[in-house]
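The values are calculated or read from the model by the stated rules, or taken from the named source; none is laboratory data. All figures in this text were calculated on a predicted structure; none of them were measured in a lab. Cβ: placed from backbone, ideal geometry, glycine included. Neighbour counts: every protein chain shown. Heavy atoms of the whole protein, side chains included, go into the accessibility calculation; ligands, DNA and RNA do not. Shrake-Rupley method; radii C 1.70, N 1.55, O 1.52, S 1.80 Å.
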Amino acid sequence: MSLSLNNKNYKNHINLQEGERAFYDIGSLASDNKIDIKKLPFSIRVLLENVLRSHDMNISNEQHIEQLLRWDKNSVPEKEFPYMPGRVLLQDFTGVPVVVDLAAMRDAVSKLGVDASIINPIVRSDLVIDHSVQVDSFAKNSSLELNISREFERNEERYKLLKWAQNAFSNFLVVPPGTGIVHQVNLENLAEIVLSSTEKNIIYPDTCVGTDSHTTMINAVGVLGWGVGGIEAEAVMLGQPYYMQVPEVVGVNLFGDINEGTTATDIVLAIVEKLRKVGVVEKFVEFFGPSLGKLSLTDRATISNMAPEYGATCGFFPVDERTIDYLKITGRDKKIIDRVKKYNKENNLFYDGIAPDFTKIVDFDLSEVKSSLAGPKRPQDRLLLSDVKTNFYENFNLSSDQINTSKLDNGSVVIAAITSCTNTSNPNVMVGAGLIARNAYMKGIKPKNWVKTSLAPGSKVVSKYLEAAGLDKYLNNIGFQTVGYGCTTCIGNSGPLPQKIAEEVEQKELSVSAVLSGNRNFEGRVHPQVKANYLASPMLVVLYALAGTVNIDFTKDPISYDEKGNPIYLENLWPSSEEIENTIQKSLTSDMFIEEYKSVFEGPKEWKKLTSNKSDKFNWEPDSTYIQKPPYFEDFDLSLPEKNIIEGARCLVKLSNSVTTDHISPAGSIPQSAPSGQLLISSDVPRFEFNSYGSRRGNHNVMVRGTFGNIRLRNQLVEDEGDWTIHFPTNEKMRIFEASEKYLESNTPLVVIAGKEYGTGSSRDWAAKGPALLGVKVVIAESFERIHRSNLVGMGIIPLQFLRNETPEILGLDGSGIYDFQGLEKTIIPNSNIKVNVTKLNGEKLEFNTLIRIDTEIEAQYFYNGGLLPFVLRKMVKESK
């Protein structure tokens, strides 16, 4: 049966405290077409409303509406539809290159004789500066002030760019440094759950895409959102739809009671482990079930935050009474709360306990979850407390008799960081950490002297309620002073280890550990000298700081000893859930949120002093080592670029499974000996001013030299770890950047060969921009993570996937041959087969088929245009004339 709109736009009206508002009624649409709306997953209902509303704006058509209205758990349409998010969320590491691109696009259209101001965000865009503060100072009451001061010294050029953007663009707001972490600020303040357009007098679901993979955290309040690459975010900002395929939706049925002592961190690590085994990549996950109401909103936020770690596009919680309670405690306007409750109930978006249909249902028993960590290298590798010691031994080929826990040695915890919005957004675990600090102080024990301790809350509200509870002084007393309001250790901004510790680790070649309350623990991410990284709740972070080692079984070993030599165990320090809850009730108020967020866009005195030019076009400084005009739009015109045959290609790097975007484009420290470090040295930048790769993303010259520059990268073409490869015409070992330069000189296209889950991790677009600038034309992998695949297409790189049961090893690909690709210069048929011909060094010929992972017609258009941004630019210029 075909869709019937009956010449109706399905606008209905609702009376709210703010007045009468129109909305697009998906219930009436479903009823008229004999569809039971209750059987559709809530996340699909949000998408349905979106395309129904977009139909009135001539963005979507009836076929798009029908695809979502007739969503079927047993079959999913393969065609794409246009999705128009209500907001775009950015942070500064990914936001700076977005602004740099937009500034370059203004230059490009101006050169064509078009008004530069056509390049302007149409969709509301908020950028939160949270990725730049580093833990230079710690365990001092002055650490916060010192780290903020150092942050502004390092990042003045970048922050001036962002100030220019705030002045030059309308519909673009910047939350200054020192305010909080982007996803927590979004959760606690920016998200409205139901948006209102006064111009059109309509209300509709709040939705967003963000340039950070953990944008998914906002799904906890019923706001559908996920991470995209900066390239896609720019297109959405400029009013272009985000094209996506109708998703499969995996339902997670929550049941059972949460055990005493179990935290939201324990729950999410168990979910990550389970869903990684189920396989939810490129799928929506939606939570439901009899125990849904037993999870607080902030518990849900922890679970939604780590959707990238369990592989899903999003982890969605529909709006319910818990959502309304959270809006009240966070001080949202009463009119917004009224709008959220009435609209969601009226439009079939309020959870009523009735389970919809799902592509697959995964049962999850909360009563089976126990205290745990994850590590030492992947978030899905969950460990019970009793297994951590053995896990460390096995991963680093050690035994207990090789470790001395009374001094700095293998297994020593050198970083203990309460960090990341994943957990600092949750008062239960933050108050719990404070109570453990109090109990430790009362017993006279402190962290070992080799542990770098830090506390970096996701918002200033955390400091307010810890202070109100009287717990801040205990955290301070054991070394967990606040070091900043930003991501810090979670993204690798852990700062240097104390010199004496760093030298001893290096000289003795120790395998030391970090325990952090973050969401990722990939190799080389947290700190270059730390090999073992364990994810844990803030409460466990404090305990491991006190123990000083992972060579311990918390279920039976003493954590420390008091002054009299009496052993102190886990149960002597761990607070009850009742004590935690009572403390929260007494200390956390809505006034704290109202007070802290009333000045959210003002920033510290250092921000207020910054000045920037107020012209429509950015004033590029040729000597800047932070901000350079990118080369993507040089000689841009309206004609499509010619597609050349890709032949005679060489393999630049050959990689195994689970290669992360951090392996491809590191965010952390810049080694002096690397090509990027040598460039900075030659530009008269002293070593202590290098800052991080993440902060240099506005300078393509630094970033291209840092591509594949992770010190833990294992390129199978060479034996060494790091950014080394073989330049095959000469068979000479050299830096990856140096080899790419030689290949560019000879006009040799480049290929990357990889295993499963290529591009897992952060959403960073530089993991696609960098390879594109190196000359990579094709990536052949066994599978791709969702965001990175999109980013590759967005940069004009072709993702090819080995067919089922074929791998580089099975095909005998060692990376040394010459690669020719048939058909890539012609019309692209999405998800068709592409033939690859390889000539090996011994002259042997190999031919095999691959699946082209250009998944939709619109992605094919991006490819013909040389990438997503040139496509958008041509479209906007043509529409302006």
Exercise. Select from Ala108, Leu68, Gly86 the residue farthest towards the positive end of the dipole of the range 67-115; place +1 on Cβ of Lys and Arg, -1 on Cβ of Asp and Glu, and compute about the Cα centre.
Key: Leu68
Self-check item: the range 146-284: proportion of alpha-carbon pairs further apart than 18 angstrom, %
Solution: 72 percent
Practice problem: Holding the Cα-Cα limit at 30 Å, pick out from Lys79/Lys840; Lys742/Lys826; Lys200/Lys328; Lys39/Lys769; Lys446/Lys531; Lys389/Lys769 the pairs that are longer than that. | Solution: Lys79/Lys840; Lys39/Lys769; Lys389/Lys769
Practice problem: In debye, nearest 20, what is the charge dipole magnitude of the chain about its Cα centre with +1 on Lys and Arg Cβ and -1 on Asp and Glu Cβ, if you could check? | Solution: 740 debye
Practice problem: Report the net charge of residues surrounding Gly230, where surrounding means a beta-carbon distance below 13 angstrom and charges are Lys +1, Arg +1, Asp -1, Glu -1. | Solution: -3
Quiz item: Taking a ≥ b ≥ c as the square roots of the eigenvalues of the Cα gyration tensor of the range 294-378, is the shape rounded (a/c under 1.5), prolate (a/b larger than b/c) or oblate?
Solution: prolate
Quiz item: Could the peptides 744-754, 860-870, 707-717, 111-121 be put in order, highest first, of the mean number of other beta-carbon atoms found within 10 Å of their residues?
Solution: 707-717, 860-870, 744-754, 111-121
Quiz item: Excluding Ser75 itself, what net charge comes from residues whose Cβ is under 15 Å from its Cβ, given Lys and Arg +1 and Asp and Glu -1?
Solution: +1
Exercise. Hand me the chymotrypsin sites (Phe, Trp or Tyr not before Pro) from the range 608-660 located in a DSSP loop with no more than 16 other Cβ atoms within 10 Å, in residue order please.
Key: Trp620
Practice problem: Enumerate the amide H contacts of Val194 below 5 Å, restricted to partners 5 or more residues apart or on another chain; note that Pro and chain-start residues carry no placed amide H. | Solution: Asp206
Practice problem: Determine the relative contact order of the range 371-428: mean sequence separation of Cα pairs under 8 Å and six or more apart, normalised by residue count, in whole percent. | Solution: 17 percent
Self-check item: Burial order of peptide ranges 169-181, 589-601 (average beta-carbon count within 10 Å, highest first)
Solution: 169-181, 589-601
Quiz item: In the range 722-881, what is the volume of the convex hull around the alpha carbon atoms, normalised per residue and reported in Å³?
Solution: 132 Å³
Exercise. Take the alpha carbon atoms of the chain, find their radius of gyration, then divide it by 2.2 N^0.38 Å using N residues; give the quotient.
Key: 0.91
Self-check item: Gyration tensor verdict on the range 583-705 (Cα atoms; rounded if a/c is under 1.5, prolate if a/b is larger than b/c, oblate otherwise)
Solution: prolate
Quiz item: When the accessible area of the range 369-511 is computed with all protein chains present and a 1.4 Å probe, what percentage of it is carbon and sulfur?
Solution: 41 percent
Quiz prompt | Fraction of antiparallel bridges per DSSP, the chain only, in percent to nearest 5 | solution = 40 percent
Self-check item: Which listed pairs, of Lys274/Lys598; Lys460/Lys586; Lys274/Lys777, have C-alpha distances above 29 Å, in listed order
Solution: Lys274/Lys598; Lys274/Lys777
Quiz item: Once phi is turned into θ = phi - 60°, what whole-Hz ³J(HN,Hα) does the Karplus curve with 6.51, -1.76 and 1.60 give for every residue of the range 287-298, x standing for Gly and Pro?
Solution: 9, 7, x, x, 9, 4, x, 7, 8, 5, 4, 6
Practice problem: Given a cut-off of 22 Å, name the pairs among Lys452/Lys500; Lys370/Lys452; Lys277/Lys654; Lys294/Lys341; Lys654/Lys756 whose C-alpha atoms lie farther apart than that in the structure shown. | Solution: Lys370/Lys452; Lys277/Lys654
Exercise. Can you tell me the order of 16-24, 542-550 when each peptide is scored by its average per-residue count of other Cβ atoms within 10 angstrom, highest first?
Key: 542-550, 16-24
Quiz item: Using Cα pairs under 8 angstrom and six or more residues apart, how large is the relative contact order of the chain, in percent?
Solution: 13 percent
